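**Student:** Below is one structure. I have some questions about it.
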Amino acid sequence: MNVLCNNKKASFKYTFIKKIEAGLALSGWEVKSLKDGNGQISESYISIKKNEIYLCNAHIKAVNLKDGISSQKPTDNRKLLLNRKEINMLQGQVSQNGLTIVPIKLYSKKGIIKLEIALAKGKKLYDKRQDQKNKDWKRHKDRLNKIN
């Protein structure tokens, strides 16, 4: 598995409940650009429209083509490829429980571009503080163990 880009803000802002792997419907230049490392999903989000799920606001840098004629839009909506059962489950969780769907990372698996998404619940300020304290304590503990 070759990770192409991460959404580091997501783990800070949200608590992940369930992670799902989804395919992406991409054109050729998008795949080429992503494999060159020109993708960003830190400001992106997932939206549900007419029983289909889309990745919105993900920035994929346009590639220079020889003919120069193309309709490359870096922040275009891209359709996620999921089973009907998964789509219905995500729709139900979002509408009934007030959860959100967050993109976590974009990676290549056996030559196919995949997106890991998660059902997530937003963290409160005190949750973020507690996570930061736990992270600092773990780092300090590891340093002490390394010295001994």
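**Student:** Let me see the P(r) profile for the range 1-62: every Cα-Cα distance counted, bins of 10 Å, each bin given as a percent of all pairs.
**Tutor:** Values per bin, smallest distances first: 17, 52, 29, 2.
**Student:** Around residue 4, under 9 Å between beta carbons, what's the net of Lys plus Arg minus Asp minus Glu among the other residues? Don't skip to the end; give the middle numbers.
**Tutor:** Values: positive: 35, 105; negative: none.
So the surrounding residues net to +2.
**Student:** What order do you get for 52-63, 125-136 when each peptide is scored by the mean count of other beta carbon atoms within 10 Å, highest first?
**Tutor:** Numbers: 52-63: 17.9, 125-136: 10.8.
Ranked by mean Cβ neighbours within 10 Å, highest first: 52-63, 125-136.
**Student:** For the chain, what is the calculated [θ] at 222 nm in deg cm²/dmol (nearest 500), taking -39500 (n - 2.57) for each run of four or more DSSP H residues and dividing by its residue count? All intermediate terms of the calculation are to be shown ahead of the outcome.
**Tutor:** Numbers: 4 runs with 51 residues, N = 148.
Taken over the chain, the calculation gives -11000 deg cm²/dmol.
**Student:** Okay, next question. What does the net charge come to around residue 30 if you take all other residues with beta carbon closer than 13 Å to its beta carbon, with K and R at +1 and D and E at -1?
**Tutor:** On the way: positive: 32, 35, 61, 73, 78, 79; negative: 36, 76.
For residues surrounding residue 30, the net value is +4.
**Student:** Using only alpha carbon pairs under 8 Å that are at least six residues apart, calculate the relative contact order of the range 1-147 and give it in whole percent. Kindly include the intermediate steps, with their values, before the conclusion.
**Tutor:** Numbers: 241 pairs, mean separation 48.7, N = 147.
Relative contact order here is 33 percent.
**Student:** Just to confirm the number: angle between the C-alpha axis of helix 125-147 and the first principal axis of the chain, 0 to 90 degrees, nearest 10?
**Tutor:** 70 degrees
**Student:** Determine the sum of side-chain charges near residue 92: Lys and Arg each +1, Asp and Glu each -1, restricted to other residues whose C-beta is under 14 angstrom from that of residue 92.
**Tutor:** Numbers: positive: 18, 84, 85; negative: 86.
With Lys, Arg at +1 and Asp, Glu at -1, the net is +2.
**Student:** Working from the alpha-carbon coordinates of the range 1-108, get Rg over Rh, Rh being the Kirkwood radius.
**Tutor:** Rg/Rh: 0.99.
**Student:** Can you pull the semi-axes for the range 68-118, root of five times each eigenvalue of the Cα gyration tensor, sorted largest first, whole Å? Write out the running numbers ahead of the final one.
**Tutor:** On the way: eigenvalues 139, 46, 24 Å².
Semi-axes (√(5λ), whole Å): 26, 15, 11.
Laboratory data are not the source of any read-out in this text; all were calculated from the coordinates shown. Bear in mind that the values here come from a model prediction, so they are computed numbers and not experimental data. All Cβ positions, glycine included, derive from the backbone under ideal geometry; neighbour counts span all protein chains shown.
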